[in-house]
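Let me begin by presenting the structure, written as structure tokens, before commenting on it.
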Amino acid sequence: MAALIPRPRMRPAPGAVHVPGWLTPDQQRELVAACRGWASGPVPIRHTRLPRGGVMSVQTVCIGWHWQPYTYTRTAGDVNGRRVAGFPDWMVGLGRRALADAYEDPAAGDGYTPDTALINFYDGQAKLGMHQDKDEQSGDPVVSLSIGDTCVFRFGNTESRNRPYTDIELASGDLFVFGGPSRFAYHGVPRVLPGTGDPATGLASGRLNITMRVTGLKG
Ligand SMILES: O=C(O)CCC(=O)C(=O)O
């Protein structure tokens, strides 16, 4: 059997860190099971409609707060009007550990209290254009977890969708954090590499991405 080449952690920009293989296989299976539950309701996973009539190729379900372009609400007015599932405490803990590990500082996650997550499912054709996560009223970091097929993740700059950017392969179990000067950097997913995931995660095909955020909203 070919030896696995370790993938080093990298910092494509100040405040942005890629930690390969951060989630254990068990954690990946548990997250897939949890996401499958959220995908079925109370607000089912859907292709988000954009204000100009387009539809995103990615399918998304939210917890804590519901995101639709370009706002957060507790209820999903663009889906079925129901309140989204709550943001579980165990996921707050996972987000805190992610920051401590990514920034190699045991205190980096102290006080970090994500209250929403966008859970994206990508089939082999899905993509996500370059965008900023800027509907949150908080500059706290975004914690991103990937499971299933590897993708090319494009991480850019805070000025525009254009170069300079870095293309990084995010594989199953990888953690990516962007905070500090990179919190509002443009980023996107130009392609998924079908067939690269391990069905033992519980995901037979496709890619799951979870981004935890702090909305800064009350209510
Ligand atoms: O799928 C990813 O890795 C990125 C997701 C993302 O950019 C988003 O949900 O805003």
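The values are calculated or read from the model by the stated rules, or taken from the named source; none is laboratory data. A quick note: this is a predicted structure, and the numbers were derived from the prediction, not measured. As a convention, Cβ positions derive from the backbone with ideal geometry for all residues, glycine included, and neighbour counts pool all protein chains shown.
Any idea how many residues of the range 108-142 are aliphatic (A, V, I, L, M) and either more than 11 Å from the ligand (Cβ to nearest atom) or farther than 21 Å from Gly180 by Cα (or both)?
Filtering the range 108-142 down to residues aliphatic (A, V, I, L, M) leaves 108, 117-119, 126, 128, 130, 142.
Checking which are either more than 11 Å from the ligand (Cβ to nearest atom) or farther than 21 Å from Gly180 by Cα (or both) leaves us with 108, 119, 126, 128.
Number satisfying all stated conditions: 4.
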Lone unmet requirement of (1) in a strand (DSSP E or B); (2) under 13 Å from the mean Cα position of the chain (by Cα) for Pro190 | (2)
Kindly indicate whether any position in the range 23-42 is of a type in the set (S, T, N, Q), within 21 Å of Arg207 (Cα to Cα) and within 14 Å of the ligand (Cβ to nearest atom).
-> no
Tell me which of these Arg83 doesn't satisfy, since it passes every other one: (1) under 21 Å from Glu30 (Cβ atoms); (2) surrounded by fewer than 17 Cβ atoms within 10 Å (Cβ to Cβ); (3) touching a Ser or Thr at 6+ places or on another chain (Cβ under 6 Å).
-> (1)
Just checking, how many residues over the range 149-170 are under 22 Å from Leu99 (Cα atoms), more than 10 Å from the ligand (Cβ to nearest atom) and buried (at least 20 other Cβ atoms within 10 Å of the Cβ)?
-> 1
Quick one: would you say Gly206 is closer than 15 Å to Gly148 by Cβ, within 12 Å of the ligand (Cβ to nearest atom) and in contact with a Pro (Cβ under 9 Å, 6 or more places away or on another chain)?
-> yes
For the range 135-168, what are the residues that are more than 17 Å from the chain's Cα centre (by Cα) and not polar (S, T, N, Q)?
-> Glu159, Arg161, Arg163, Pro164, Tyr165
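Let's see how each residue does on (1) at negative phi; (2) touching an Asp or Glu at 6+ places or on another chain (Cβ under 8 Å); (3) modelled with pLDDT of 95 or more; (4) surrounded by 14 or more Cβ atoms within 10 Å (Cβ to Cβ):
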| position | (1), (2), (3), (4) |
| --- | --- |
| Pro14 | yes, no, yes, no |
| Val17 | yes, no, yes, yes |
| Pro20 | yes, yes, yes, yes |
| Thr48 | yes, yes, yes, yes |
| Val92 | yes, no, yes, yes |
| Ala102 | yes, no, yes, yes |
Of all residues in the range 50-72, which are of a type outside the set (Val, Ile, Thr), surrounded by fewer than 17 Cβ atoms within 10 Å (Cβ to Cβ) and more than 16 Å from Thr116 (Cα to Cα)?
-> Leu50, Pro51, Arg52, Gly53, Gly54, Ser57
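Quick one: is Gly216 outside any helix (DSSP H, G or I), exposed (fewer than 14 other Cβ atoms within 10 Å of the Cβ) and small (Gly, Ala, Ser)?
Values: outside any helix (DSSP H, G or I): yes; exposed (fewer than 14 other Cβ atoms within 10 Å of the Cβ): yes; small (Gly, Ala, Ser): yes.
Yes: the conditions hold for Gly216.
Mind listing just one residue for me: the one in the range 184-203 that is under 24 Å from Glu104 (Cβ atoms) and surrounded by 20 or more Cβ atoms within 10 Å (Cβ to Cβ) and, of those, farthest from the ligand (Cβ to nearest atom)? Even if it seems obvious, please write down each step before you answer.
We begin by selecting, within the range 184-203, every residue under 24 Å from Glu104 (Cβ atoms); these are 184-185, 187.
From what's left, surrounded by 20 or more Cβ atoms within 10 Å (Cβ to Cβ): 185, 187.
Working: Ala185: 10, His187: 5 Å.
Within the range 184-203, the match that is farthest from the ligand (Cβ to nearest atom) is Ala185.
Conditions (1) away from the ligand (no atom under 16 Å from the Cβ); (2) more than 17 Å from Met212 (Cβ to Cβ); (3) within 18 Å of the chain's Cα centre (by Cα), marked per residue:
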position: Gln68; (1), (2), (3): no, yes, yes
position: Thr73; (1), (2), (3): yes, yes, no
position: Gly77; (1), (2), (3): yes, yes, no
position: Gly81; (1), (2), (3): yes, yes, no
position: Val92; (1), (2), (3): yes, no, yes
position: Asp101; (1), (2), (3): yes, no, yes
